[in-house]
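Okay, structure first, notes after.
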Amino acid sequence: MPLRTYISTNAATLYVNGWWLDDAVGIQYQVQDPNEPLYGYRDYLFRDVAVGNTIVHGMVDINFRYRGYFSILLSRIETLESKLKAVKESGDAELFGEFNALKNALNPRNNIRDAAIDPRSWSTEERASLLESPAENFDLRNFRRLAKAMQEDFWQTRAYSDREEQTAIERNRIGTWPDGFDLEIVYNQDGTETLTKFLDPALVERITNVRIVGQSKILQNNVPGGGEPLVERYQFIARNVN
């Protein structure tokens, strides 16, 4: 047997069409490959097997943020992917590299310096100095400010009354989303791998052409004032797992 450590639950990372879904807290799925035995007249044992239709059933749990969040997520990813494609086709290698860095920045354990993204006017030296500061004098306030700036740049965080997400199409339930999407699960062994540069295909699973068929949410406080996050569960079918 190859030398390999066992995978723990905190080593799994979920991606939607290649983009890290940091709000995902769980996923379950099963693949069914039905086979039907075929018998001849007065056969005691079956002679052959008819291969049935493969189907994938599953569910993914996501921390609830606001109504229609999953639809907004897919819409935002679709927009970013179309822009990335347009930049790539333009032939501007420098611009493509900068834009593609946004996608890499969302991968777990990437730091701001490696992502090459500066949502404010900070220089590389200033960001490196911030990230490499020793623990005793680490500038947590500025680090949080820069992290929040990156979040705002990507999600365009604003008051709900001002957000584009109020449009009817984005507020629809995710089950009405017209297109399928892929879910990728990367089993990071040491936290350094990402979906875009993962070398071991044995530790990547891709659920293809996912379609949401139901969603549910349970609000339950076992202890008054309990602080457990509210989770939304999305049931799905998919074409295959590979």
Contour minus end-to-end for V213 and R239, with contour as 0.36 nm per residue of separation and end-to-end as the Cα-Cα distance?
8.0 nm
In segment 23-38, which residues have a backbone nitrogen under 16 Å from the label point lying 7 Å from D48's Cα in the Cα-to-Cβ direction?
35-38
Less than 18 Å from a label point 7 Å out along the Cα-to-Cβ axis of D61: which backbone N atoms in segment 199-216 qualify, by residue?
214-216
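None of the figures in this text is laboratory data; all of them are computed from the coordinates on show. Computed from a prediction, not measured in an experiment: that's the story for all the values here. Cβ: placed from backbone, ideal geometry, glycine included. Neighbour counts: every protein chain shown.
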